[in-house]
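Working notes for the structure below.
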């Protein structure tokens, strides 16, 4: 496949989630790309897999989903990423993430100039930046994406983040997405005020010059803040199977509807509905018909 012009790009990890129900393709940037693609927008994952059976199966899975695998690098030395996922109370995932795997060694390529230079949006997180080579690759990708909407889905995982990486990521983005527990972590990590979420997010946005901050709150919905408005969208009631990938789906839905010219309220309502549908299924990438979400 040739890279689509004006694509949405997810840069970071693609991996196998090892769930109690079985193995599922995952990784936050990949989940985001999958849902953007499923919603009808050209989307590309930029990542790295091992030259092993799991890596070959990832490529085959992407092609089966009609996703572009051209920007998956091959690592001849390191294994494809895996995450053991336990499901706790309320369907909340508990991650055990394998270290020093292929995506940790994502490296810039000359063809990134065109892909990122023509991208309309780029989404990234902190996990792929846990090693210096990954941090450098993300920084280069973002510098090439001069005209793109840059979204940091903070995705704080285990001990795989530090203040410097978080601050650099926040300085680099225009939108930030996080959940309520991550906001609590950032309050301590960045010395944000321990006040109502509205005041804390306002301080975060002003400190890092962020246009839009979105906090997801699981079954309680989401809270979105810009300089001009604050929006609270109540949660959708579903029977939760697990919440793996629900936040990634939310980010995809919010972006896609915004790119299509919808208001933030309309986009967030749609994104909430999509996230709920994902939480009602196993894994982060269930197949969902867009028509079932509209209205």
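The values are calculated or read from the model by the stated rules, or taken from the named source; none is laboratory data. Keep in mind that what you see is a predicted model, and the values were worked out from it rather than measured. Note that we place each Cβ from the backbone using ideal geometry, even for glycine, and neighbour counts take in every protein chain shown.
Computed values, structure above
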item	result
Residues within the range 182-208 that are loosely packed, with under 12 Cβ neighbours inside 10 Å and within 15 Å of residue 166 (Cβ to Cβ), tallied	2
Which numbered condition residue 68 misses (of (1) within 22 Å of residue 176 (Cα to Cα); (2) touching a residue at least 60 places away in the same chain (Cβ under 8 Å); (3) in contact with a strand residue (DSSP E or B) (Cβ under 9 Å, 6 or more places away or on another chain))	(1)
Residue within the range 123-131 that is in contact with a helix residue (DSSP H, G or I) (Cβ under 9 Å, 6 or more places away or on another chain), over 15 Å from residue 12 (Cα atoms), buried (at least 17 other Cβ atoms within 10 Å of the Cβ) and in contact (Cβ under 8 Å) with a residue 24 or more places away in the chain present	no
Residue within the range 26-42 that is touching a strand residue (DSSP E or B) at 6+ places or on another chain (Cβ under 8 Å) and farther than 18 Å from residue 248 by Cα present	no
Which numbered condition residue 265 fails, given (1) over 28 Å from residue 161 (Cα atoms); (2) touching a helix residue (DSSP H, G or I) at 6+ places or on another chain (Cβ under 9 Å)	(2)
Test for residue 45: is it assigned to a helix (DSSP H, G or I) and at pLDDT 95 or above	no
Subset of the range 62-93 (residues that are buried (at least 17 other Cβ atoms within 10 Å of the Cβ) and modelled with pLDDT under 95)	68, 83, 85, 87, 91, 93
